[in-house]
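Nothing in this text is a laboratory measurement; each read-out follows from the coordinates by a stated rule. What you are looking at is a predicted structure, and each value in this text was computed from that prediction instead of being measured. In this analysis, Cβ positions are derived from the backbone assuming ideal geometry, glycine residues included, and neighbour counts consider all displayed protein chains.
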Amino acid sequence: MTDSPHAGGGAPNRAVDMNFSYALGWRAFRLLFASYFRWRVIDADRVPREGPLILASNHASFIDPPLVGAGIRRHVSFLARESLFHAPVLAAILRSWRVVPVDRDGGTGRGLKQILHRLELGGAILLFPEGTRTSDGRLQAARSGVGLAVVKSTAPVTPARVFGTFEAFGRHAKFPRPRRITVKYGDPLHFAALRAEARSCSRPRLKEIYQQVADEIMAAIAALENEP
C-alpha cells in the first residue's frame with residue numbers, strides 16, 4: 001500500500017508515544033516536506049506501529065533522519081554527535097526528542113548501550129548502515145556496526161530507502177533545493193538464526209556475523225525501488 005503522494009492530507013491518527021516536542025517537530029517537518037519538497041511516502045504501513053524496532057536507511061543528506069521519521073506515525077530516536085549537545089538550547093531539544101548522543105565512530109561504547117536501552121523499552125531507533133552520507137549519491141557498503149547493534153538486540157529491522165535527498169541537499173550543497181524527495185519502507189527483517197549462532201560462536205565468526213547482517217540489511221535497502 002502506498003501513502004498519498006503528499007502524505008499530508010487528512011487528519012492523522014494519534015501518533016504512537018510522541019511527546020509534545022517531538023509531535024510539534026514531526027508535524028513541522030511533514031508540512032515542510034509536503035510544501036517545499038513535494039514528498040512521497042511509500043508503504044509506511046509495513047512499519048510496525050509498536051514494540052522495539054530498528055529502522056535502517058541509506059544516507060545521502062541531513063534531510064534523511066527527519067524524512068524517515070516523519071513518514072511513520074510513531075516516535076523514532078535518532079543518533080547525533082555528542083558535540084551537538086554542547087549548545088544548551090539545542091541539547092534540550094535533542095534530549096526531548098530522545099536523540100542518542102554518540103562518539104565519532106557512533107557504534108560502540110555509551111552510544112551502543114543507549115541504543116539497546118531504547119530498544120529494550122520498546123522504542124524505535126534509526127540507524128544508517130553506511131555510517132556516513134554518500135558523496136556521490138550512490139549506495140555505499142555497509143559497516144559492521146549496524147550488525148553489532150542488531151545482533152545484540154531482539155528487535156526486527158525495517159529497511160527504508162530515501163530518494164532525491166542527495167539532489168535536494170547533498171553533501172556539497174549549501175542550501176536545500178526544491179527537489180522531490182521520497183521515502184519507501186520495506187518488510188521487517190528478522191535475524192533469529194544469526195542471533196542464536198552469535199551467542200556461542202567463535203570471535204572470528206562473530207565478526208563475520210556482524211558484517212553478514214549489515215550486508216543483508218544493505219541488500220534489502222538496495223532492493224527497494226522508487227515508484228513513478
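In degrees, nearest 10, range 0 to 90: what is the angle between the Cα axis of helix 20-36 and the longest Cα principal axis of the chain?
Roughly 60 degrees between the two axes.
Any idea what the relative contact order of the chain is, in percent, if you count C-alpha pairs under 8 Å spaced at least 6 apart? Intermediate results must be reported in sequence, preceding the final value.
Details: 427 pairs, mean separation 58.9, N = 228.
Result for the chain is 26 percent.
Any idea how far apart K207 and T154 come out in nm if each label point goes 7 Å out from Cα toward Cβ?
With each label point 7 Å from Cα toward Cβ, the separation is 3.0 nm.
State the answer as a single residue: which of A173, F163, S135 lies farthest towards the positive end of the charge dipole of segment 110-182, with beta carbon charges of +1 for Lys and Arg and -1 for Asp and Glu, about the Cα centre.
Sorting the options by dipole projection puts first A173.
Only four residue types carry charge here, +1 at the Cβ of Lys and Arg and -1 at the Cβ of Asp and Glu. Report the dipole size of segment 20-222 about the Cα centre in Debye, rounded to the nearest 20.
It comes to approximately 460 debye.
Farthest toward the dipole's positive end in segment 20-222, which of L126, L116, S144, given Cβ charges of +1 (Lys, Arg) and -1 (Asp, Glu) about the Cα centre?
Selected residue: L126.
Could you tally up the Lys pairs in the chain with alpha carbons closer than 28 Å? Skip any pair fewer than 8 positions apart unless they're on separate chains. All intermediate terms of the calculation are to be shown ahead of the outcome.
Numbers: K113/K152; K113/K207; K152/K184; K152/K207; K174/K184.
Close lysine pairs under the 28 Å cut-off: 5.
With unit charges on the beta carbons (Lys and Arg positive, Asp and Glu negative) and the dipole taken about the Cα centre of segment 20-222, which residue among I221, I42, P88 sits farthest to the positive side?
P88
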